[in-house]
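Participant: Structure below; questions to follow.
What follows is calculated from the coordinates using simple rules that are stated; it is not laboratory data. All values reported here derive from a predicted model rather than from experimental measurement. Positions of Cβ are generated from backbone atoms using ideal geometry, with glycine treated the same way; all protein chains shown enter the neighbour counts.
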Amino acid sequence: MSSFWNDIKKPILALAPMEDVTDTSFRELVARISDPQCLHILFTEFTAVDGMNHPVGKERVSERLIVSESERKILAEKGIKLVAQIWGNKPEVFHKVACEITEEYDFDGIDLNMGCPVKNVVKQGSCSALIDQPTLAQEIILATKEATHLPVSVKTRTGIRQHDTDRWISQVLETKPAAITLHGRIQKQQSDGLADWNEIAKGARLRDELAPEIPFLGNGDVLSYQQACDYTKEYGLDGVMIGRGIFHNPWFFNPEERAYSKEEKLQQLILHTRLFERNWSGKRNFNILKRFYKIYTSGFPGASKMRAELMNANGYDEVYQLVGAHVDCSVYN
């Protein structure tokens, strides 16, 4: 069945789901500064179906699915799709939670995390552990598809202890997901070493043979928009998903690569802080923002000193006072 995945002009470009990164605040910031012709899909943070199914834990876990009104407005204006990513290991729970997400939220799709390599998650038999449990993985995909009219995609890796691309991707393709994103590392690598794009290409060739209608994206070590476009062509893909590359350049999703001024970077720092404060004050730890401040405080005189001061900040007001000496903070009030 065709879905929005099939309607996007290639190359399809997406920002990967990332823990404590792709919340509604950061997604909105990226959407605001991106060319809608270069950014097509955003994803939520990883959301545990067991948590969503827990009478007590649901309230906290469901924070990962929050979409602010301002983000929703930007996405609608730019035509950017938003997909909820979920993980777990019980088909019946996936079915139940997929029904709830479809009925209670307004997402454009659901993505199944079959690639997270974190050891305690894998020990539970979830995410990349499913690569060695293909029957269970297929049951999860089919149960989720049965529960919703939304397109159900899969993000995964090439193997656990070694590349197993042929066997694994063939088994995923049997379930006819709406799209597949393949990260070019095995679970054992975590984030170490380099992604193997030849393995990603191998998965795409299987797709060509078995289910050519299914969009196939690659993921791993892509650091620029041009590189994403080049890799799409070179490896015979439909597009690329960007992960840590966004930390090198939050303006990643723009065709023009240029140096951004101190003022532009600090304005985005303030915007991000305002959005985070508006969405999460009293709910999430302020210190989460500090990993982002490193993005905006580089490449200009005095950047390292400002970065060090921001790392010692204890709250939003300290940030506004510090950065306000260099750029007008009131624009984002």
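Participant: How do CYS38, CYS116 rank when sorted from fewest to most other Cβ atoms within 10 Å of their own Cβ?
Facilitator: Listing CYS38, CYS116 from fewest to most nearby Cβ atoms yields CYS38, CYS116.
Participant: Along the charge dipole of the chain, which of MET18, VAL118, PRO250 sits closest to the positive end, that is, farthest toward it, with unit charges on the beta carbon of Lys, Arg, Asp and Glu (+1, +1, -1, -1)?
Facilitator: With unit charges placed on the Cβ atoms, the residue in question is VAL118.
Participant: Here's a follow-up. Round to a whole angstrom and tell me the spacing of the C-alpha centers of region 132-146 and region 240-254.
Facilitator: Spelled out, the Cα-based centre of one part sits 31 Å from the other.
Participant: Here is a further query. Taking every DSSP beta bridge with both residues inside the chain, roughly what % is antiparallel (nearest 5)?
Facilitator: Within the chain, antiparallel bridges account for around 5 percent of the total.
Participant: Another one. At a threshold of 8 angstrom on Cα-Cα distance, excluding pairs fewer than six apart, so keeping six or more, what relative contact order does region 4-248 reach in percent?
Facilitator: Relative contact order for region 4-248 comes out at 18 percent.
Participant: Enter the angle in degrees (range 0 to 90, nearest 10) between the Cα long axis of helix 91-104 and the first principal axis of the Cα atoms of the chain, meaning the one along which they spread out most.
Facilitator: Orientation of helix 91-104: about 50 degrees from the principal axis.
Participant: Ok, one more. Restricting to Cα pairs below 8 Å that are 6+ residues apart, what does the relative contact order work out to for region 262-332? Please round to a whole percent.
Facilitator: Reported as a whole number, the value is 45 percent.
Participant: For helix 225-234, report the angle its Cα long axis makes with the longest principal axis of the Cα atoms of the chain; keep it between 0 and 90° and round to the nearest 10°.
Facilitator: So the inclination is approximately 20 degrees.
Participant: While we're on this one: Give the angle, between 0 and 90 degrees and rounded to the nearest 10, that separates the Cα long axis of helix 262-280 from the longest principal axis of the Cα atoms of the chain.
Facilitator: Helix 262-280 sits roughly 70 degrees off the main axis of the chain.
Participant: Further question: Isolated Cys in the chain by the 4.7 Å beta carbon test?
Facilitator: Among the cysteines of the chain, those whose Cβ sits 4.7 Å or more from every other are CYS38, CYS99, CYS229, CYS329.
Participant: Which residue, ALA48, ALA303, ALA14, has the most motion in a Gaussian network model of the chain that connects Cα atoms within less than 10 Å?
Facilitator: ALA303
Participant: What shape does region 150-240 have by the C-alpha gyration tensor, where a ≥ b ≥ c are the square roots of the eigenvalues, rounded means a/c under 1.5, and otherwise prolate means a/b greater than b/c and oblate the rest?
Facilitator: oblate
Participant: Let me ask something else. Local charge sum around ARG161 (other residues, Cβ-Cβ under 10 Å, Lys/Arg +1, Asp/Glu -1)?
Facilitator: -1
Participant: Rounded, prolate or oblate, given the Cα gyration tensor of the chain, with a/c below 1.5 counting as rounded?
Facilitator: Taking the square roots of the gyration eigenvalues as a ≥ b ≥ c, the chain is prolate.
Participant: For the chain, set up a Gaussian network in which alpha carbons nearer than 10 Å are linked by springs, and say which option among THR24, THR297, THR165 fluctuates the most.
Facilitator: It is THR297.
Participant: Please compute the net charge surrounding ALA325, taking Lys and Arg as +1 and Asp and Glu as -1 over other residues with Cβ under 14 Å from its Cβ.
Facilitator: Overall, the nearby charge balance is -3.
Participant: Post the alpha-carbon centroid distance, region 9-83 to region 271-333, in whole angstrom.
Facilitator: Their Cα centres are 21 Å away from one another.
Participant: Using the 10 angstrom Cβ neighbour count as an exposure proxy, how do ASP35, ASP111, ASP106 rank, fewest first?
Facilitator: In order of increasing Cβ crowding within 10 Å: ASP106, ASP35, ASP111.
Participant: Here is a follow-up. First select every other residue whose beta carbon is under 11 angstrom from the beta carbon of SER191; then total the charges, Lys and Arg +1, Asp and Glu -1.
Facilitator: Around SER191, the surrounding residues sum to 0.
Participant: Before rounding to the nearest 500, sum -39500 (n - 2.57) across all DSSP H runs of length at least 4 in the chain and divide by the residue total; then give [θ] at 222 nm in deg cm²/dmol.
Facilitator: -12500 deg cm²/dmol
Participant: Now for a separate question. So if R0 is 22 Å, what FRET efficiency would GLN321 and LYS290 give, r being the distance between their Cβ atoms, rounded to the nearest 0.05?
Facilitator: Result of the calculation: an efficiency of 0.85.
Participant: With springs only between Cα atoms under 10 Å, which of ILE74, ILE200, ILE131 fluctuates most in a Gaussian network model of the chain?
Facilitator: Result for the chain, Cα springs under 10 Å: ILE74 fluctuates most.
Participant: With only Lys, Arg, Asp and Glu charged, each at its Cβ (+1 for the first two, -1 for the last two), find how big the charge dipole of the chain is about the Cα centre; round to the nearest 20 debye.
Facilitator: 680 debye
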